[in-house]
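Undergrad: Here's a structure for you.
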Amino acid sequence: MMHRPDPELQRLPPHSVQEGASDARPGGALGVKLAIAAAALLASGALATHNFYGSDHKTTPAQSAQIADQTPAAPHQAIHAAAQFAMIAPENAARALQKSRFSQDQRAQILAAVKRRDVRLVEMPVADASGQVGQAVSISSAGITQTVVLTGKLQSVLLPIRNAGEVTVTPVTQPRTGGLQTGVLTALGPEVLPTLSSLAQQIILDVIVQ
């Protein structure tokens, strides 16, 4: 039996999308792909397990206050990257939103926008690629910001995406020595976003929805 090496997370190149994007399929085939990629991450030990419709880690009020105190007011230095995600079918949007971190009002607003086709809904599982716990990031898209406390486990982040498809990832807590590497699970497999080394930086992610 041939031994195949474990897959490794690959860094996203700036302003690029991996070739072969047209081969990714929505619906059931995507679910299989995400499951396979998540299993590969578990085998490699880079990201432990995944949770596609919720978060295993809840931010407490004390953590929220601490995070708010560390939020910088200065403009951010932008680091550009690109990624591809599959669209959640409109008929499945309500179910996905029910298990999201959005408030009830936000869910209603997003669902109405999906029905009007003003936005498309995608899922971006995210984790700390180092496997550590406690670093917080804010993820913004279509005017909505979500704060996520990262762990070594993939957490589902639903993103309403407009045609421009721009998503920002900004550190809320001071990155550790060596920088913060955020791992995401795209339609093409696991990737590591560019390293954030200070509160003055942010990633601007150009998202392509298939």
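Taken together, the values in this text are just the output of simple stated rules run on the coordinates, not laboratory data. The structure displayed is predicted, hence computed values, not measured ones. Cβ placement follows ideal geometry from the backbone for every residue including glycine, while neighbour counts extend to all protein chains displayed.
Undergrad: Output needed for segment 95-175: three equivalent-ellipsoid semi-axes, defined as square roots of 5 times the C-alpha gyration tensor eigenvalues, in descending order, whole Å. Before the final figure, lay out each step's value.
TA: Values: eigenvalues 118, 33, 22 Å².
The answer is 24, 13, 11 Å, longest axis first.
Undergrad: Less than 13 Å Cβ to Cβ from Leu158, Lys/Arg counted +1 and Asp/Glu -1: what total charge do the surrounding residues give? Walk me through the intermediate numbers first.
TA: Values: positive: Arg95, Lys99, Arg101, Arg107, Arg120; negative: Glu123.
Summing Lys/Arg as +1 and Asp/Glu as -1 gives +4.
Undergrad: If you don't mind, another one. What's the Kirkwood radius of segment 130-210 in Å, using all Cα pairs? Working shown, then result.
TA: Numbers: mean 1/r = 0.0760 Å⁻¹.
It works out to 13.2 Å.
Undergrad: Out of every Cα-Cα pair in segment 78-118, what percent are more than 17 Å apart? Spell out each step's value before the answer.
TA: Working: 334 of 820 pairs.
That fraction is 41 percent.
Undergrad: Count the net charge of all other residues whose Cβ sits under 11 Å from the Cβ of Ala96, scoring Lys and Arg as +1 and Asp and Glu as -1.
TA: Details: positive: Arg95, Lys99, Arg107; negative: Glu91, Glu123.
Summing Lys and Arg as +1 and Asp and Glu as -1 gives +1.
Undergrad: Can you tell me how much longer the chain between Arg95 and Lys115 gets when fully stretched, taken as 0.36 nm per residue apart minus their C-alpha distance, in nm with one decimal? List each step's numbers first, then the result.
TA: On the way: separation 20, 0.36 × 20 = 7.20 nm, distance 1.37 nm.
Taking 0.36 nm per residue and subtracting the Cα distance, the gain is 5.8 nm.
Undergrad: Could you give the length gained on full extension between Ser138 and Ala164, defined as 0.36 nm per residue of separation minus the Cα-Cα distance, in nm? Spell out each step's value before the answer.
TA: Values: separation 26, 0.36 × 26 = 9.36 nm, distance 1.92 nm.
Result for the pair: 7.4 nm of gain on full extension.
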